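Step one of this worksheet: look at the structure below.
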Amino acid sequence: MPVTVIVHVLNEEPVVAELEDLPNPQDQVLVCRNPRLRDGRDVPYVLQEVQSLIYPWHRIQCVEILPGAEEEKVVTFVRE
């Protein structure tokens, strides 16, 4: 199941993408699918028809893992 992440690339705007699995410690690159900016626009330095990006780890500042639909828990108050 794909995991949605925000990839913070050095000296660039953050990119939202999907990963097949979380990266392992021995990985040298990060393979991202369906790259887009946080507001849904296309990434300016990538062609429109590109579906995957491969970032080397030395270009990535950090990766934020967004919660999936099943992970989000909404707490509401219910009157009895």
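Within region 1-24, can you find the residues that are in contact with an Asp or Glu (Cβ under 6 Å, 6 or more places away or on another chain), part of a strand (DSSP E or B) and not hydrophobic (A, V, I, L, M, F, W, C)?
THR4, the sole residue that qualifies.
Which residue out of GLU70, GLU80, GLU18 is of a type in the set (D, E, K, R) and modelled with pLDDT of 90 or more? Walk me through it before giving the result.
On the way: GLU70 fails: modelled with pLDDT of 90 or more; GLU80 fails: modelled with pLDDT of 90 or more.
Just one listed residue meets the conditions, GLU18.
The values are calculated or read from the model by the stated rules, or taken from the named source; none is laboratory data. Quick caveat, the model's predicted, so the values are computed rather than measured. All Cβ positions, even for glycine, are placed from backbone atoms using ideal geometry, and neighbour counts span all protein chains on display.
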